[in-house]
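Reviewing the structure listed below.
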Amino acid sequence: MFGIREEVWKNINGFNTATEIYQQPELWLETLQIIQNNIEKIKGFFAGFQENKNTRIIFAGAGTSAYIGETLVPYLQRKYNYRFEAIPTTHIVTNPENYLEKDTTTIIISFGRSGNSPESMATFNLAEQLINDVHHIFITCNPDGEMAKTAKDKKNILLLLMPEKSNDKGFAMTSSLTCMMLAALLIFDIQNLENYSKQLVEIANIGKNILDNNHQNLSELLNSTPKRVTYLGSGSFYGLSKESALKLLELTRGKIIGYSESVLGFRHGPKSIVNDETLVFIFLSQDAYSRKYDIDLLREIYNDPGDHTVIAISANFENDLKEICDDLLYLPEEAAEIDNPILISMLYILYAQMFALLASVKSGIEPDNPNPGGIVNRVVKGVNIYPYGKTN
């Protein structure tokens, strides 16, 4: 995997993470099958809700699980007539009345790899306490976690268990991320599963191609030993940029600083992060209008003085792009017909995951356990959850 033999991955304590990144294409097809197997349950769950702005749908999670929602919302908001929002559980738990509306019919879609995050369960309990008409969809990778246990025999909870292998054993969420993201996409387009069945076979093949053939390019970017890496994107790719930066930060234990920002927001101060040891990735939009802004910034950063490096990640090859970046990473030509930014996000994130993994190895960090001192844990620890009630 990624140019490194299995026994070496095991020796450097990176086998689980490498495997979990590499296995994703096959798990996407398994996720599709899970949704197909649960199609009647999903339709039954949504049968009581009218597709209108009076129904509020909140995507909730912490860390990577929160970024799933931030990636999904821009696309779903354009396509469906619900009121979609992405709100981290870490926001809801500390200030519930800022985010939970008592008299608004609400569906909270909670993501959880382990299903044991204290904030996820606290969000569920707060929603039950503060919202008159609340329903839940738990999308989790762990059949033995608290989310799965809580869902048992509760009529207002739809539980969707992801593929067994997506319950990542490594520290960082990788296959769990893309499987949960895909599941959430499919439940809103449940009428078009036949189209997705054909498209996801192609997506899986493209993903396999990326994983097999792009690690060398990414490894070469590490030869300059960047100390700061910035990911930029707009629309759904803004949430993706946050996840990409987090993955690098986690897997290198902060030895390489990962940062993210929106394309236009980068000029408003955050661009100060760029120095001679900075690598900048820009996720290019497929939308012709949005792409103009991406390319403007790509050209600007490339032409700025200094020894920084700027990389464009595009869904398709354009010769002109090669003139305004240090390197162009682009999807195989089979992706040219894919116009769904969530499916493209699932492919784009493979580059960021591979880069973070290779950066971890180059930094002398154990990918499966980058924080052996326990300062940061696979499942967050040390969170006190307090009973909520009005106090003077």
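A few comments on the model shown:
- Remark: the chain carries a charge dipole of roughly 1160 debye about the Cα centre, counting +1 on each Lys and Arg Cβ and -1 on each Asp and Glu Cβ.
- Each residue of segment 267-284 was assigned a 3J(HN,Hα) from its phi angle through the Karplus expression (A = 6.51, B = -1.76, C = 1.60, θ = phi - 60°), giving 6, 8, x, x, 4, 5, 5, 6, 9, 5, 10, 10, 10, 10, 9, 10, 7, 7 Hz with x at Gly and Pro.
- Reach of residue 198 by Cα under 18 Å, taken over aspartates and glutamates that are not fewer than 8 positions away in the same chain: 26, 30, 189, 333, 334, 337, 339
- Here the chain has 46 percent of its accessible surface on carbon and sulfur atoms, given a 1.4 Å probe and all protein chains in place.
- Since only 129, 141, 50 are under comparison, the one whose Cα sits farthest along the positive direction of the charge dipole of segment 1-146, derived from C-beta charges on Lys, Arg, Asp and Glu, is 50.
- Full extension of the segment from residue 80 to residue 216, taken as 0.36 nm per residue of separation minus the current Cα-Cα distance, would add 44.9 nm.
- A cut-off under 11 angstrom between Cβ atoms defines the neighbours of residue 345, and their net charge, with Lys, Arg +1 and Asp, Glu -1, is -2.
- Cα convex hull of segment 6-130, projected area averaged across orientations, nm²: 9.9 nm²
- Note that the chain carries a Kirkwood radius of 21.5 Å, evaluated over its alpha carbons pair by pair.
- Accessible surface, the chain, averaged per residue in Å² (probe 1.4 Å): 43 Å²
- For segment 314-362, the square roots a ≥ b ≥ c of the C-alpha gyration tensor eigenvalues yield an a/c of 1.5 or more together with a/b not exceeding b/c, which makes the shape oblate.
- 12 Å beta-carbon shell around residue 214, net charge (K/R +1, D/E -1): -2
- Cα lying deepest toward the dipole's positive end in segment 310-363, options 350, 330, 361, charges on Cβ: 361
- Above-threshold pairs, the threshold being 30 Å between Cα atoms, out of 79/152; 79/149; 53/169; 102/149: 79/152; 79/149; 53/169
- Per the Cα gyration tensor, segment 57-166 maps to an equivalent ellipsoid with semi-axes of 20, 17, 14 Å, ordered largest to smallest.
- Nearest-20 debye value, segment 83-197 charge dipole, Cβ charges on Lys, Arg, Asp, Glu: 260 debye
- The helix-only estimate of mean residue ellipticity at 222 nm for the chain, built from DSSP H runs of length n ≥ 4 each weighted as -39500 (n - 2.57), is -14000 deg cm²/dmol after division by the residue total.
- Multiplying the residue separation of residue 91 and residue 133 by 0.36 nm and subtracting their alpha-carbon distance yields 13.1 nm.
- Entries of 208/362; 165/208; 43/154 with Cα pairs more than 19 Å apart: 208/362
The values are calculated or read from the model by the stated rules, or taken from the named source; none is laboratory data. Keep in mind that this is a model prediction, so the values were computed, not measured. All Cβ positions, even for glycine, are placed from backbone atoms using ideal geometry, and neighbour counts span all protein chains on display. Just the protein is used for accessible areas: all its heavy atoms, side chains included, with ligands, DNA and RNA removed. Shrake-Rupley method; radii C 1.70, N 1.55, O 1.52, S 1.80 Å.
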